[in-house]
1. Can you spot a residue in segment B:236-244 that is in a helix (DSSP H, G or I), acidic (Asp, Glu) and farther than 30 Å from B:VAL180 by Cα?
2. Would you confirm, using the coordinates I've provided, whether B:GLU236 is in contact with a Gly (Cβ under 9 Å, 6 or more places away or on another chain), farther than 30 Å from B:GLU96 by Cβ and not assigned by TED's automatic domain parsing to the domain that holds B:GLU136?
3. Only one residue in B:LEU190, B:LEU109 is within 14 Å of another protein chain (Cβ to nearest Cβ), within 18 Å of the chain's Cα centre (by Cα), closer than 23 Å to B:TYR84 by Cβ and modelled with pLDDT of 90 or more, so which one is that?
4. In segment A:133-142, is there at least one residue being assigned to a loop (DSSP other than H, G, I, E, B), within 14 Å of another protein chain (Cβ to nearest Cβ), in contact (Cβ under 8 Å) with a residue 24 or more places away in the chain and in contact with an Asp or Glu (Cβ under 8 Å, 6 or more places away or on another chain)?
5. Only one residue in B:ALA247, B:ALA194 is among the small types (Gly, Ala, Ser) and either closer than 23 Å to B:LEU69 by Cα or surrounded by 14 or more Cβ atoms within 10 Å (Cβ to Cβ) (or both), so which one is that?
6. Here is a list of conditions, (1) within 20 Å of A:ASN93 (Cβ to Cβ); (2) in contact with a Gly (Cβ under 6 Å, 6 or more places away or on another chain); (3) modelled with pLDDT under 90; (4) not charged (D, E, K, R), and A:SER192 meets all of them except one; can you say which number that is?
Amino acid sequence: MKYRFMILRRLTQLGLLGLYIGANLFGWKILQGNLSSSLLFESIPLADPYAIMQMTLAGAVLGFDVLLGALIIALFYMIIGGRAFCAWVCPVNLITDAANKLRRSLGISQVQKRVYMSRSIRYWVMGLGLLLSFAMGVAAFEMISPISIVHRGAVFGMGLGVGAIVVIFLFDLFVHENGWCGHLCPLGAFYSLAGRFSLIRVYHDAEACTACMKCKEVCPEKEVLHMVAKSSESVVMGECINCGRCVEVCDDDALHFSLRKFAMQAKEKSL
Amino acid sequence: MNERRKFILSMARGIGLAAMGALAWSAYVGEVRSAPLILRPPGALPESDFLRTCIKCGLCVLACPYDTLRLAAPGDSNPIGTPYFVPRDIPCYMCEDIPCVPVCPTGALNEASLKDETGAWEIKKIDIGVAVVDVEACVAFWGIQCDACYRACPLMDEAIYLKYEKNERTGKHAFLKPVVNTNVCTGCGLCERACITEKPAIFVLPNAIALGKVGDHYIKGWDSGDEARVAGAKAETTQTKINQQSALDALNADEGF
């Protein structure tokens, strides 16, 4: 069962994409629109809260539906999912995971001199996106977002959007490990912040850990696993995308999904 | 000291990088959002408001029963992800219930602008653009009978009417020239689609491009409605003070030289 979450994630990612595509091709009424804004079962609106923030700053007066949709999505990830959007929904994850897989099997990270890129660049990009939206009167990141280009392209027609896929793949493969999702993407930054206090968390049991470090090898956000082999606690950093790769590769049952352990964490801190 | 220097340097580097990123980013965004010739779905807000309000979800595209609307893909040279249509390919068929508009979640397609006082749809309020005729390329202006655009128009005799004129060249035939009433034309593009010439001689342009504006200071005196605009106007009478001195005295006074 080394791939149980991986398989579930791929099913979720492709399943959601399939529902959107089916809405355009066959008129399915389950999930219509795209990741910017959708309609679930022809009644429940869903919307991208970061896009709504940009549009509001750009001076748009928005309809009630889309505001409600953004609230639903924001609350879901804030309370339950954390940054799960990145691992379970976003189509770019398929591209960057593929690049990463190839990068690992080619051993590029071992050969290549580490290019220094701070993981906090994404927060600057996110802020810049909001600032430029305000200054230019149009949602700035939505004009260039490769996430939207890929997803919208898959549903409504790709055009030259294939270029975005190739660029991100090559960037993550040859330029920087986890370059896009782990360092640059402002939407990931947004969900890192929004999902900071969510309930679903990976829990690490240091008693069971044999310090093999397989989890750190596969983790796309290695810094969140700082406690591995050191202390038993929940992975609470917002950057964790809840992909579950660490859980499934662990041979010692030292990692599992659980609800955020508030009490236990507090107790351990006091010890 | 060294630590402080490092910190300041790294801050400066961050700011430099951010400024450079912002420059490239804003230059690109400024460039791609200008597409003055694009034709939007019915009820679209004015272009600059539309661009900031449209979330690019494509629900209008899904709602369109004729596959008229499409979302701009990279390479289409239109603001990316926003809905538009090309009348020569597929025009707007002016559905009576305008299904593309109520599905808009943000209000970028404004329902209220297409309804009358009773809250019923009024498709004549659709104002995508106006049809423009190239009179040199239109065969009706050559004297050949063609009323394809006139008959295709969903507001026949209102938005496009035929103007009859004598053909002096033959002396015995008539011109049937299509003329667009830009106040009525919705910009649906059925005429552009129907036009028989290789490249259409009648085509839809956005209002901002195709329409002139007279200015408030011209009044149609023969139109009682328009004349009413000046009904309450008050004329302001001014009087210039006339110098009482004789011209000779004024010239002899050294003042002013």
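The values are calculated or read from the model by the stated rules, or taken from the named source; none is laboratory data. None of the values given here were measured: they were computed from a predicted structure. Glycine also receives a Cβ, built like all others from the backbone with ideal geometry; neighbour counts cover every protein chain displayed.
1. Looking through segment B:236-244, none of the residues is in a helix (DSSP H, G or I), acidic (Asp, Glu) and farther than 30 Å from B:VAL180 by Cα.
2. Here the answer is no, as B:GLU236 does not meet what is asked.
3. Of the residues listed, the single one that is within 14 Å of another protein chain (Cβ to nearest Cβ), within 18 Å of the chain's Cα centre (by Cα), closer than 23 Å to B:TYR84 by Cβ and modelled with pLDDT of 90 or more is B:LEU109.
4. No, that holds for no residue.
5. B:ALA194
6. (3)
Residue-wise test of (1) in contact with a helix residue (DSSP H, G or I) (Cβ under 9 Å, 6 or more places away or on another chain); (2) surrounded by 20 or more Cβ atoms within 10 Å (Cβ to Cβ); (3) farther than 27 Å from A:GLY82 by Cβ.
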position	(1), (2), (3)
A:GLU142	yes, yes, no
A:PHE156	yes, yes, yes
A:GLY159	yes, no, yes
A:CYS181	yes, yes, no
A:GLY188	yes, yes, no
A:ARG196	yes, no, no
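Conditions (1) farther than 28 Å from B:PRO42 by Cβ; (2) of a type outside the set (Gly, Ala, Ser); (3) over 25 Å from the mean Cα position of the chain (by Cα), marked per residue:
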position	(1), (2), (3)
B:ASP134	no, yes, no
B:CYS138	no, yes, no
B:GLY143	yes, no, yes
B:ASP147	no, yes, yes
B:LEU155	no, yes, no
